[in-house]
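Enquirer: Provided herewith is a single structure, encoded as structure tokens, for subsequent inquiry.
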Amino acid sequence: MGTIWFWLVAIMITIYVLLDGFDLGAGAIHLLVARTDKERRQVLASIGPVWDGNEVWLIAAGGTLYFAFPALYASAFSGFYLPLMIVVWLLILRGASIEFRNHIKSAVWDPLWDFLFCASSLLLAVFFGAALGNVVRGVPLDASGYFFEPLWTNFRLGDQTGILDWYTILVGVLALLVLMMHGGLWVQMKTSGEVSRRAGRVAGRAWWGVVALTAIVTALTFRIQPQVKENFTTWPLGFVFPVLAVAGIAGVIFELRKHDERKAFFASCAYLAGMLTSVIFGLYPMVLPARNPVYSLTVATAKAGEYGLRIGLAWWITGIILAAGYFTYVYRSFAGKVVVDKDSHGYGD
């Protein structure tokens, strides 16, 4: 049951990254692809009906983590308290900027909301990437099962690490470029005219950085976290995940050159899913690696009771079916290019 819930949480996090990833990316490239007020409303309209719903998957994943792996939840949420507070404030600023920008017409305030939307989206991408880098690298857990990390120390990989060091910053930059590519492909697919063309160009340029940093970060990860290499050596079937990532990133540039916007976006989804599942597969059975491997939290040591996990699985299946049905309905209703009414200041029609 512990392994089943490990992969269920992983699936929910992957879905969150695929969905909220494109609207974070749209925010990060907002000021690059939109030059006029109408063009900026076009970018906002491309995510308008779905951005807040996408964030539900983050809340659901956190709730599932609390239920299935209470020891992990307790350790991670206390140790990462400072960056979590930063993330919460960035999410608040981002949500407020979208809502105020779309409901209050003001020549004075609109530039501020545009800046906050772009800056908060960009920083969230970097912080989420750095968080993933922390998990892969390992945190300074001790025998008590708890830890604390400052925002940074000396930026080196020692025993007293900070949230930010050279490795986690590198992963954060990779995450930013990936989401800029992912968001650019989404905006290209959902908009038309100059905004669509600029978004496609941004995605194409980000692609080169994604390819280069993916190779560098992958090589470094095998050196920094021995468990990843061990898992792929022990279970070669796991190479299906990195193969999916390689096929996805190759598909992005192939479909961009063919001008197939829809397939390019779904190729980006394949790359993201392949990369995340590669990391998850590489870390198993650890759910929170420690700098000293003796203190690492594993599926066996962090999971809840077997009976509760079995009962919870029935409710999880019911809930995920309802959620999947709702999201399918929303995205089908939102299909096609967005149209922004010139007299409207909202999300568009």
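What follows is calculated from the coordinates using simple rules that are stated; it is not laboratory data. All of these numbers come straight from a predicted model, not from anything done at the bench. Ideal geometry is used to build each Cβ from the backbone, glycine not excepted, and the neighbour counts take in all protein chains shown.
Enquirer: In Å, what Kirkwood hydrodynamic radius results for the stretch 240-349 from the alpha-carbon pair distances?
Expert: Values: mean 1/r = 0.0548 Å⁻¹.
Taking the inverse mean of 1/r over all distinct Cα pairs, the stretch 240-349 comes out at 18.2 Å.
Enquirer: Given H placed 1.01 Å from N in the peptide plane, which residues other than close sequence neighbours of Trp152 have an amide H under 5 Å from its amide H?
Expert: Those lying under 5 Å, H to H, from Trp152 are Ile163, Leu164.
Enquirer: What order do you get for Glu306, Glu194, Glu39 when you list them from fewest to most C-beta neighbours inside 10 Å? Could you put the intermediate results ahead of the total?
Expert: Details: Glu306 10, Glu194 14, Glu39 18.
Ordered by Cβ neighbours within 10 Å, fewest first: Glu306, Glu194, Glu39.
Enquirer: Taking every pair of distinct Cα atoms and averaging 1/r, then inverting, what Kirkwood hydrodynamic radius in Å comes out for the stretch 76-116?
Expert: Numbers: mean 1/r = 0.0880 Å⁻¹.
By the Kirkwood definition, the hydrodynamic radius is 11.4 Å.
Enquirer: Let me ask you something else. What's the exposure ranking of Met85, Met189, Met180, going from fewest to most Cβ atoms within 10 Å?
Expert: Values: Met85 10, Met189 21, Met180 28.
Ascending number of Cβ neighbours within 10 Å: Met85, Met189, Met180.
Enquirer: So, one more: How far, in nm, would the chain grow between Ala215 and Phe254 when pulled straight, counting 0.36 nm per residue and subtracting the alpha carbon separation?
Expert: Details: separation 39, 0.36 × 39 = 14.04 nm, distance 1.89 nm.
Roughly 12.2 nm would be gained on extension.
Enquirer: What residues have an amide H closer than 5 Å to that of Thr298, excluding those fewer than 5 places away on the same chain, when H is modeled at 1.01 Å from N in the peptide plane?
Expert: Here the answer is Val287, since their amide H atoms fall under 5 Å of that of Thr298.
Enquirer: Follow-up question, since we're still on this one. I need the helices of the chain that pass two filters: whole DSSP H segments spanning 15 Å or more by Cα along the axis, and mean Kyte-Doolittle score no lower than 0.0. The partial results should precede the final answer.
Expert: Values: long enough: 2-28 (37 Å, 1.53); 37-47 (16 Å, -0.90); 56-68 (18 Å, 1.60); 81-103 (33 Å, 1.01); 110-137 (40 Å, 1.30); 166-190 (36 Å, 1.44); 193-224 (45 Å, 0.59); 240-258 (26 Å, 1.58); 261-283 (34 Å, 1.03); 306-333 (40 Å, 0.66).
The qualifying helices are 2-28, 56-68, 81-103, 110-137, 166-190, 193-224, 240-258, 261-283, 306-333.
Enquirer: Please list log₁₀ I(q)/I(0) at q = 0.11 Å⁻¹ for the stretch 2-333, using the Debye equation with identical point scatterers on the alpha-carbon positions.
Expert: Values, matching the q order: -0.72.
Enquirer: Over the stretch 88-181, calculate the relative contact order: mean separation of alpha carbon pairs under 8 Å at least 6 apart, over the residue count, as a percent.
Expert: Numbers: 105 pairs, mean separation 25.0, N = 94.
Relative contact order, the stretch 88-181: 27 percent.
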